[in-house]
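> What follows is a single structure, and I will ask about it in a moment.
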Amino acid sequence: MTMIKSFSNKLLQYLIKTDAIDKDEEVLAYYRYGLEITISSIVNIILILLIGICSHHFYESIAFLICFVPLRQYTGGYHANTYFKCNFLFSVLYIALLIVYDLTVKQLTYHAVALILVFSIVTFASECPIEHNNKPLSDIQKKRNKNLSVILGLLYGSIGVISQVLSYDVGVIFLYTLVLISLLVIVATFQRIRREGY
C-alpha cells in the first residue's frame, strides 16, 4: 500500500470514529478517492515548490502552479495509474519545462509565442475536456469545461504575451505550461483512440 493510500485510510478511520461520515461502503469509497486525490495534489504542489527553491526558480514555480492547477481541472489529460507515478512524472515534466525555459527564454520570438498560443487554444477547443475514468462528465459539464479551458488558455496566454513584451521572463512559464497541458491532452487523446480501436 502506498503512503498516500495508507494516510487516506488513517484519515477515514478517524472520520468514522468521530461519526463525521457514514460507514456505508459507497460513501467510504467516495471519501477515500477524494482524500487520495487531495493528498496527492498537495504532494505535487510541495514537490514543485521544492524543485523551484532548489533550482532558484521559486517565482517560476508559483507561476507554473497558478496556470497548471486551475487549467488542468477543466482540460483533463493524461493520468498515471499510480500516485507514485503521478508525483514522479509531474516532477520530471516540471524539471524538463524549467530546462527548456532556461535554454530558450531569451531567444523566444513573437512568432514562437503566436504558434504556442494557436497550438494550445486549438488543442483545448478540439480535444477538451478529457474525462477521467473515475469522474465522468455530463454534456453540460463537457461544454462548460471546454469553454473554460479556452477562456483560461487565452487568459494565461495573454499574461505570457504581455510579460514577454514587458521583458518579464517569468511570464513565459505561462506559455510553456500551456504547451505542457496541451501535450498531456494529446497523449490522453491517443490513449483513448487506441483503447477504442480506431
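> Taking the Cα-to-Cβ direction at LYS142 and at LEU28 and moving 7 Å from each Cα, how far apart do the two end points lie in nm?
3.5
> Have a look at THR82, THR109, THR18 and tell me which one the Gaussian network model of the chain (Cα, springs below 10 Å) gives the largest fluctuation.
Between THR82, THR109, THR18, it is THR18 that shows the largest mean-square fluctuation.
> With angles folded into 0 to 90 degrees, how steeply does helix 3-17 sit against the dominant principal axis of the chain? Use alpha carbons for both and round to 10.
So the helix axis and the longest Cα principal axis differ by about 50 degrees.
> With +1 on the Cβ of every Lys and Arg and -1 on the Cβ of every Asp and Glu, and nothing else charged, how large is the dipole of the chain about its Cα centre, in debye rounded to the nearest 20?
220
> On a full-extension model of 0.36 nm per residue, what is the gain between LYS85 and TYR14, subtracting their alpha-carbon distance, rounded to one decimal in nm?
Contour length minus Cα-Cα distance gives 22.8 nm.
> Could you give the alpha-carbon Rg of the chain over 2.2 N^0.38 Å, rounded to two decimals?
1.13
> I would also like to ask the following. Taking θ = phi - 60°, what integer Hz values does the Karplus form 6.51 cos²θ - 1.76 cosθ + 1.60 yield along segment 42-52, in sequence order, with x for Gly and Pro?
Result, rounded to whole Hz: 5, 4, 4, 4, 4, 4, 5, 5, 5, 4, x.
> Explain nothing, just the number: relative contact order of segment 106-198, from Cα pairs under 8 Å at least 6 residues apart, as a whole percent.
35
> Something else: What residue among GLN73, GLN141, GLN107 shows peak mean-square fluctuation when the chain is described by a Gaussian network model with Cα springs under 10 Å?
Most flexible of the set in this elastic network: GLN107.
> At a 1.4 Å probe radius, carbon and sulfur cover how many percent of the accessible area of the chain?
67
> Hey, what angle do you get for helix 110-127 against the long axis of the chain, alpha-carbon based, 0 to 90 degrees rounded to 10?
Helix 110-127 sits roughly 30 degrees off the main axis of the chain.
> Mind checking which lysines have their Cα closer than 27 Å to the Cα of LYS135? Skip sequence neighbours fewer than 8 apart in that chain.
Partners found: LYS5, LYS10, LYS23, LYS85, LYS143, LYS146.
> Less than 20 Å apart at the alpha-carbon level, and either on another chain or at least 8 residues along: which lysines does that give for LYS106?
Candidates past the 8-residue exclusion: nothing left.
> Sticking with this structure for a sec: So which trypsin sites (Lys or Arg not before Pro) in segment 1-110 pass both tests, a DSSP loop state and at most 11 other Cβ atoms within 10 Å of the Cβ?
When the trypsin sites (Lys or Arg not before Pro) of segment 1-110 are filtered for loop state and at most 11 Cβ neighbours within 10 Å, LYS23, LYS106 remain.
The values are calculated or read from the model by the stated rules, or taken from the named source; none is laboratory data. Source: prediction; values computed, not measured. Backbone-built Cβ (ideal geometry, glycine too); neighbour counts: all protein chains shown. Protein only, heavy atoms only, side chains kept; ligands, DNA and RNA dropped before computing areas. Shrake-Rupley method; radii C 1.70, N 1.55, O 1.52, S 1.80 Å.
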